[in-house]
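Notes to accompany the following structure.
Computed from the coordinates by the stated procedures, all read-outs in this text should not be read as laboratory data. Keep in mind it's a predicted model, so treat the numbers as computed, not measured. We place every Cβ from the backbone using ideal geometry, glycine too, and count neighbours over all the protein chains shown.
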Amino acid sequence: MKIIGIVGSNAEFSHNRLLLQFIEKKFSDLFEFEILEIKDIPMFNQDEDQSKSFPVQYMYNKLIRADGVIIATPEHNHTITAALKSTLEWMSFNLHPFENKPVMIMGASHYDQGTSRAQVHLRKILDAPGVNAYVLPGNEFLLGKAKEA
């Protein structure tokens, strides 16, 4: 089974990247796991279609071949990062790799509530027309106080 993990931040250091790296190390004997970064995905602009650009096509090709996806999102101002939102826009503009794809949401944050509000928004985005992901119900993972973990 092939699972893709998406780091929901373009920051150099990310607790969510560490979370996905933990999964990669801990469960490598159960499934093939690959972590994808979003830092090279261009900002979404439908007037300048970049869906054929290398970074967007690379992610699309990896996602379309995956059996499932884990998105690890931080929470900024009670929602997901602009970089993750932009990535999801590209993956629903002319390309649709999330269509009926099982997706698990998780996240790490410095605060008590983890990424609960960001995950609510992400769930809505993944359910939107053009994305139509199959978001796994009741399988959220919210790591609060990530600096202490």
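See the values below:
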quantity: Residue of F54, F93, F44 that the Gaussian network model of the chain assigns the largest fluctuation, springs spanning Cα pairs under 10 Å; calculated: F54
quantity: Segment 13-79: C-alpha gyration tensor shape, a/c 1.5 cut-off, then a/b vs b/c; calculated: oblate
quantity: Check: segment 2-148 dipole with +1 on Lys, Arg Cβ and -1 on Asp, Glu Cβ, in debye; calculated: 240
quantity: For the chain, calculated [θ]222 nm from helices alone, where every DSSP H run of n ≥ 4 adds -39500 (n - 2.57); calculated: -9500 deg cm²/dmol
quantity: Relative exposure of E34, E12, judged by other C-beta atoms within 10 Å (fewest first); calculated: E12, E34
quantity: Cβ-Cβ FRET estimate between F13 and F93, R0 fixed at 25 Å, reported to 0.05; calculated: 0.25
quantity: Net lengthening on full extension, N77/Q113 (0.36 nm per residue, minus Cα-Cα); calculated: 11.7 nm
quantity: Isotropically averaged projected area of the chain, using the convex hull of Cα atoms (one quarter of hull area), nm²; calculated: 8.4
quantity: Candidates I71, I35, I80, ranked by Gaussian network fluctuation over the chain, Cα under 10 Å, top entry; calculated: I35
quantity: Within a Gaussian network of the chain (alpha carbon springs, distance under 10 Å), most fluctuating of A128, A108, A72; calculated: A128
quantity: DSSP bridge orientation in segment 2-148 - percent antiparallel, rounded to nearest 5; calculated: 5
quantity: Over 21 Å between alpha carbons, listed pairs K62/K85; K25/K124; K2/K101; K39/K85; K26/K124; calculated: K25/K124; K26/K124
